[in-house]
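The values are calculated or read from the model by the stated rules, or taken from the named source; none is laboratory data. This one's a predicted model, so the numbers in the text were calculated from it and none came from an experiment. Note that we place each Cβ from the backbone using ideal geometry, even for glycine, and neighbour counts take in every protein chain shown. Surface areas here come from the heavy atoms of the whole protein model, side chains and all, with no ligands, DNA or RNA. Shrake-Rupley method; radii C 1.70, N 1.55, O 1.52, S 1.80 Å.
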Amino acid sequence: MKPAIVIAMSAALALGATAACGSDGGGSSGNTKAHGPIKIWYSNNAQEVAWGKQAVAAWNAAHPKEKVSAQEIPAGKSSEEVIGAAITAGSEPCLIYNTSPASVPTFEKQGGLVALDSFKDGASYVEARTGSKADQYKSPDGKYYQLPWKSNPVMIFYNKKLFQKAGLSTTNPPLSTYSQFLATAQKLVSSHAAKYAIYPAPSSEFFQSWFDFYPAYAAASGGKQLVENGKATFDSPAGKAVAGFWRQLYAQNLAGKETYNGDSFADGVAAMATVGPWAISVYKGKVDWGVVPVPTAQGTSGDSVPTFSDAKNVAMYASCKNRATAWDFMKFSTSKAQDGKLLDMTGQMPLRQNLPQAYPAYFAANPAYKTFAAEAGHVVEVPNVPNSIDAWQAFRDAWTKSVIFGKEDPNQALSQAASKINQLVSQS
């Protein structure tokens, strides 16, 4: 389940523009040593806009000759379509603080991204800030075309009021294993506490699998990505177990199959939701919630279960001329101080290693976020592979047909999707 107002903020929609093939690893219109004014875009999420405005104001006060001009990303069918069209026109800003990791391969193929490795401290800065998780954000050529910025580790929120109504524990609900989760889901629905136990979007957009299949697969597989070493990984016992689990939820009408116009969790239509820490402020005063890791066949507990990152990153774009300033501002805006402001103003988790230790005062004052901070160290990203969007769409098509609507055997559908994805990612 992903509320409509947040889909626009944190999930990528279908890409439109395609353009010149081949990335030049940095473009020809900029100089890595050039300083001067730059432009940036950030998302239209109100909290992120407020964060961006204060970051720009702080920078401009200290750098009057290197002014940063900022605006929300222009309106369009999707931010990715807007960015792709801007790359084609050569009108994109230096930095965009709304870059979906799934879109990076497409933008790179357009020649629209600057390799951060072109700066002397580029790779070392990324790796020092993010730690070992930075490897997930490398492109196939071994370079970084994105700076891992912030994540929203996906977990299971549950409505305590509805669980109590169903006679279930509100402090330690039986949701750890697939069998427990299914039994709990059945009790929620049979008791009429809620119409559905859980209600992820059943629609066919490629990114919807990030909020049903992918968190569960990350947990079940011990942290595998959809594709590793050029091959799909999910045609496996772990992938089949996840598909079988979700198929039972849909077959027993414990999960909704129709598009819901609104927020099914906030409205009490569903007793659970797969969401990240952004939801804490959204549901404040609306839902008395608890949170647990996504389930696995054998059971999960604690806050170190691998899950989907739901990240948005920062990238430098090829039309940027004053790249030295852009790089300096990128580092300033992802410094420990600015990451702390981002955390405080948005509740989203900076992709910074040892996050709980970096901001002990914040998490002491905001204990609801502690679990997500710990989970942020165990996130799994979408794979950085050629034809990334097409690969996810191939998976989603197979998932909706077999798992959600039961028109095909899930194991067969996964196998066919894996073969198609192997072909897609082998293409340069």
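How about segment 184-205: which of its residues are open to solvent by less than 50 Å² (accessible area, probe 1.4 Å) and of a type in the set (Gly, Ala, Ser)?
Just the residues of segment 184-205 that are open to solvent by less than 50 Å² (accessible area, probe 1.4 Å), to begin with: 184-185, 188-189, 191, 193-194, 196-203.
Across segment 184-205, the qualifying residues are ALA185, SER191, ALA193, ALA194, ALA197, ALA201, SER203.
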Legend entry - Selected residue (criterion: nearest to TYR250 (Cα to Cα)) from residues of segment 210-225 that are out of contact with any helix residue (DSSP H, G or I) (no Cβ under 7 Å at 6 or more places or on another chain) and among the hydrophobic types (A, V, I, L, M, F, W, C): PHE211
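Does PHE181 count as more than 19 Å from ALA318 (Cβ to Cβ), aromatic (Phe, Trp, Tyr) and buried (at least 23 other Cβ atoms within 10 Å of the Cβ)? Please lay out each step first, then the result.
Working: more than 19 Å from ALA318 (Cβ to Cβ): yes; aromatic (Phe, Trp, Tyr): yes; buried (at least 23 other Cβ atoms within 10 Å of the Cβ): yes.
Here the answer is yes, as PHE181 does meet what is asked.
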Legend entry - Test result for LYS161, basic (Lys, Arg), free of Cβ contacts under 8 Å to residues at least 40 places away in the same chain and either under 11 Å from PRO293 (Cα atoms) or surrounded by fewer than 24 Cβ atoms within 10 Å (Cβ to Cβ) (or both): no
Legend entry - Options ALA62, ALA86; residue that is surrounded by fewer than 23 Cβ atoms within 10 Å (Cβ to Cβ), under 21 Å from ASN44 (Cα atoms) and either at pLDDT below 95 or among the hydrophobic types (A, V, I, L, M, F, W, C) (or both): ALA86
Legend entry - Subset of segment 259-310 (residues that are open to solvent by 10 Å² or more (accessible area, probe 1.4 Å) and of a type in the set (Gly, Ala, Ser)): GLY262, ALA266, GLY268, SER281, GLY285, ALA297, GLY299, SER301, GLY302, SER304
Legend entry - Conditions (1) in contact (Cβ under 8 Å) with a residue 60 or more places away in the chain; (2) assigned to a helix (DSSP H, G or I); (3) more than 19 Å from the chain's Cα centre (by Cα); number of the one not met by TYR369: (3)
Legend entry - Checklist (1) farther than 22 Å from GLY222 by Cβ; (2) of a type in the set (A, V, I, L, M); (3) open to solvent by less than 60 Å² (accessible area, probe 1.4 Å) applied to MET345, failing item: (3)
Legend entry - In segment 129-155, the residues that are surrounded by fewer than 22 Cβ atoms within 10 Å (Cβ to Cβ) and in a strand (DSSP E or B): LYS138
Inset, instruction - Within segment 348-363, count every residue that is outside any loop (DSSP other than H, G, I, E, B) and either open to solvent by less than 70 Å² (accessible area, probe 1.4 Å) or touching a residue at least 12 places away in the same chain (Cβ under 8 Å) (or both). - result: 7
Inset, instruction - Could you run through segment 197-232 and say how many residues are within 19 Å of ILE421 (Cβ to Cβ) and either out of contact with any strand residue (DSSP E or B) (no Cβ under 8 Å at 6 or more places or on another chain) or free of Cβ contacts under 8 Å to residues at least 40 places away in the same chain (or both)? - result: 15
Inset, instruction - Give just the number: which of (1) part of a helix (DSSP H, G or I); (2) crowded, with 23+ Cβ neighbours inside 10 Å does VAL382 not satisfy? - result: (1)
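From LYS39, LYS120, which residue is at pLDDT 95 or above and in a loop (DSSP other than H, G, I, E, B)? If you could, list the steps in order and put the result at the bottom.
Numbers: LYS39 fails: in a loop (DSSP other than H, G, I, E, B).
Step by step, each of LYS39, LYS120 is checked, and only LYS120 is at pLDDT 95 or above and in a loop (DSSP other than H, G, I, E, B).
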